[in-house]
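*Asks:* Take this structure, written in structure tokens, and hold onto it; I'll ask about it next.
Where a number appears in this text, it was derived from the coordinates with a stated rule and is not lab data. This structure is a prediction, so every number in the text was calculated from the model and none was measured. Ideal geometry is used to build each Cβ from the backbone, glycine not excepted, and the neighbour counts take in all protein chains shown.
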Amino acid sequence: MPDPDQPMGFQSDRPKFLTSTRFAELGLPQEVMMGISDAGFDFCTPIQAQVLPVSLAGKDIAGQAQTGTGKTAAFLVTVYTRIMGTKPGGPGQPSALILAPTRELALQIYNEARLLGSHTGLTAVPAVGGIDYRKQADDLKKGADIAICTPGRLIDYMKQGIFQTAGIRIVVIDEADRLLDLGFAKDIRYILRKLPHYDRRQTLLFSATLSYRVLELTYDYMNLPEFISVTPDKVTVEGIEQVLYHLGRDDKLPFVLGFLKNEAWSRILIFANTRHETIRLAESLHANGWEAQGITGELDQRKRLRLMEQFKSGDVRILVATDVASRGIHVEDVSHVINYDIPQDPENYIHRIGRTARAGKSGCAITLACEAYVYYLEAVEDLLGYKIPVGWVEEDRLIPDRFPAPDRRRWKKAGASAAKPAQRSNARRPRKSGVNPKQGPPIAKASKPDPASRNEPGTGRRRKRGRRSSEKTSNSNSA
């Protein structure tokens with residue numbers, strides 16, 4: 001019986017979510033097969049079974065697949081197989097380029113590339129924004145076979161001549177729809193125009209949805225691609241128990257508090273629509289005794305990576321996030337996903353709930369419909385093709401917030417003073433006598449000059465002119 005705790009492809013007995021196609025049947029190089037063996041892969045997932053025979057033949061592919069389906073391994077196996085034995089282009093001229101929308105996804109691809117390519121002798125280098133600018137530039141200059149990049153950092157290196165595109169033989173665009181959603185349309189087109197013509201390179205594009213904007217890229221920058229699709233509904237929703245609760249906006253936090261206390265869970269992802277709501281919810285959970293952390297796009301990159309590592313390792317069990325974490329983050333054993341807000345883009349619902357029930361495991365997706373976001377429910381259910389089952393909330397399952405908004409300042413003050421009694425950030429500094437810390441040292445008042453010296457040069461005082469002085473003069477003359 002397969003071990004449910006093993007990642008995708010690790011079982012020798014083929015699970016239901018894998019196909020009957022084995023990697024050993026694809027004629028892969030021995031060095032690549034050794035990396036596949038190290039990863040524990042044996043049978044192909046549906047997307048791998050459809051993509052690999054076509055991509056290994058050198059054809060362009062536009063693939064529709066969700067995260068968690070094995071597409072990363074599909075294009076990495078293709079990349080390593082296609083560039084093995086080729087003459088390196090030299091420093092700053094990699095043979096393969098992989099584009100990803102976010103730093104987290106790029107680094108995840110890099111880690112998987114190191115595992116799958118550990119026996120090939122080929123080197124992979126990440127080039128992502130926010131961290132290690134000089135080190136990444138030096139690694140590219142030394143020579144790398146595969147560059148795994150986010151668009152902004154890549155264009156920066158291209159304009160400086162650190163990254164040269166002449167040697168690119170294969171390019172992968174991962175999460176193409178997400179790249180476009182994040183506003184990288186012009187950047188992608190700029191990069192693709194700088195690459196060798198599509199007749200002289202192979203292009204693999206993967207996207208959760210093949211929208212019109214994504215299809216425009218395939219028409220303009222790909223060489224008659226073969227379209228391969230794994231039905232999103234069957235892949236993403238399989239194994240996920242979905243339930244919808246209709247609640248007032250003020251009852252959503254009490255519901256989450258009651259759920260955390262009364263239900264069995266191991267690791268939870270909670271999605272909110274806005275940065276403000278994400279931060280507020282994480283603070284509320286923390287104030288009520290739950291060690292929750294919030295992650296948004298504006299969070300410092302190093303802190304974001306540290307939080308994701310803590311979530312993966314289990315040090316953080318509750319993560320509140322915006323949609324920045326809904327794609328491309330491979331976290332095992334997420335037992336529940338809670339849509340605190342119904343997403344405005346229905347496709348984000350698929351991406352969110354896809355964080356649970358990964359690799360054939362089961363999971364639960366809970367959606368809270370309040371008066372503010374219930375209007376987006378119809379679009380979500382239209383995309384799914386069915387109604388989400390509705391659950392009933394008992395009143396005794398709602399636990400009130402111990403620190404509602406008016407009392408949140410009191411909680412923050414108590415928490416700050418307890419954690420750092422010697423560092424009170426809001427305390428006033430003792431004011432030195434005669435010194436205002438905001439205005440600097442006081443300026444001594446000038447003594448009142450002698451009236452007789454008002455007309456003397458150098459005193460800086462001018463004689464007043466006006467009606468009163470003229471009247472005084474006229475009076476003295478008449479006297």
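*Asks:* So which aspartates and glutamates can Lys159 reach, going by Cα to Cα under 15 Å and dropping same-chain residues fewer than 8 places off?
*Replies:* Hits, sequence-local ones excluded: Asp187.
*Asks:* Give the shape of the range 237-404 as rounded, prolate or oblate, defined through the alpha-carbon gyration tensor: a ≥ b ≥ c are the square roots of its eigenvalues, a/c under 1.5 means rounded, and otherwise the shape is prolate if a/b is larger than b/c and oblate if not.
*Replies:* Here the range 237-404 falls in the rounded category.
*Asks:* How much length is gained if the chain between Leu115 and Gln160 is pulled fully straight, taking 0.36 nm per residue apart and subtracting their Cα-Cα distance, in nm to one decimal?
*Replies:* 13.1 nm
*Asks:* To continue, here is another question. Sequence-distant or interchain residues sharing an amide H contact under 5 Å with Ile173, placed H: which?
*Replies:* Leu99, Leu204, Leu205, Phe206
*Asks:* Here's a follow-up. Can you pull out the GluC sites (Glu not before Pro) in the range 240-279 that DSSP calls coil and that have at most 15 other Cβ atoms within 10 Å?
*Replies:* Listed in order of number, the matching sites are Glu263.
*Asks:* Rank-order 117-129, 344-356 by packing density, defined as the average count of other C-beta atoms within 10 Å over each peptide's residues, highest first.
*Replies:* 344-356, 117-129
*Asks:* Hand me the chymotrypsin sites (Phe, Trp or Tyr not before Pro) from the range 353-387 located in a DSSP loop with no more than 14 other Cβ atoms within 10 Å, in residue order please.
*Replies:* Those that pass, being in a loop and sparsely packed, are Tyr386.
*Asks:* Would you kindly state how much longer the chain becomes between Asp315 and Gln344 on full extension, computed as 0.36 nm times their sequence separation minus their alpha carbon distance, in nm to one decimal?
*Replies:* 7.4 nm
*Asks:* What nm value, rounded to one decimal, do you get for the distance between Thr86 and Gln30 when each label is placed 7 Å out toward the C-beta?
*Replies:* In this crude spin-label approximation the distance works out to 2.3 nm.
*Asks:* Also: Measuring from label point to label point, each 7 Å out along Cα→Cβ, what is the Ala264 to Ser211 span in nm?
*Replies:* Result for the modelled spin labels: 4.0 nm.
*Asks:* Students often get this wrong, so check it: of Lys141/Lys312; Lys59/Lys387; Lys252/Lys387; Lys186/Lys252; Lys71/Lys194; Lys71/Lys186, which have C-alpha atoms separated by over 28 Å?
*Replies:* Going by Cα-Cα distance, Lys141/Lys312; Lys59/Lys387; Lys186/Lys252 fall outside the 28 Å limit.
*Asks:* Please give the Cα centre distance for the range 66-143 versus the range 31-53, rounded to the nearest Å.
*Replies:* 17
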